[in-house]
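Read-outs throughout are calculated quantities, based only on the coordinates presented, and are distinct from any laboratory measurement. The model shown is predicted, which means the values in this text are computed figures rather than measured ones.
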Amino acid sequence: MKRKKAPPGSTKEETRSHVMRQVKGSNTSIELAFRKALWRNGVRYRKNLKGLPGKPDIVVAGHKIAIFCDGEFWHGKDWNLAKEKLKSRRDFWVKKIERTIERDTENERRLEAQGWTVMRFWGRDIEKNLDLCVADVLDAILQARVDSLGVACVCADEGFDGGPGEAAERPPDYGD
């Protein structure tokens with residue numbers, strides 16, 4: 001991604017402000033890649049639904065699944081380790097990112113209270129394991145469908161009595 005340079009003669013603060021304005025809040029490269037992969041797999045969704053807490057990046061409304069595509073720095077992945085590495089404006093960044101983590105937790109709790117399944121994916125996981133991320137969403141959709149039926153699922157590798165791997169006994173043969 002090519003960055004635009006700050007205007008010549010600008011101060012360090014002006015340059016920083018310019019760079020920070022370039023950071024996108026929606027339609028990021030990880031969101032676009034994830035959305036395209038979901039679409040190819042037949043998943044239909046809405047983007048950045050404003051009426052929901054946290055304005056999820058992707059919403060599969062029919063199955064009440066809210067998906068967030070989080071950047072590692074902005075949302076505090078491995079935060080206890082990462083915050084020790086901060087060099088400049090440490091107090092500002094620690095306060096800002098810890099508030100983001102709190103807000104993410106609050107929004108997740110509110111969504112779950114409304115009956116939503118919340119899924120969070122880190123940007124690097126999307127970049128490196130896109131197929132696994134999509135598979136997780138497809139599994140959640142399948143689970144939502146099963147839950148909506150209100151019936152228990154019988155797995156093919158389990159016997160009728162529920163014992164894993166046990167074959168059900170056949171009824172006696174009454175007449176040949």
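Overview of values
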quantity	calculated
For region 27-149, share of DSSP beta bridges that run antiparallel, in % to the nearest 5	45
Region 88-136 - convex hull of the alpha-carbon atoms, volume per residue in Å³	65
Whole-Hz couplings from phi, Karplus 6.51/-1.76/1.60, listed for region 100-115; x for Gly and Pro	4, 4, 4, 5, 4, 5, 4, 5, 4, 4, 5, 4, 5, 5, 8, x
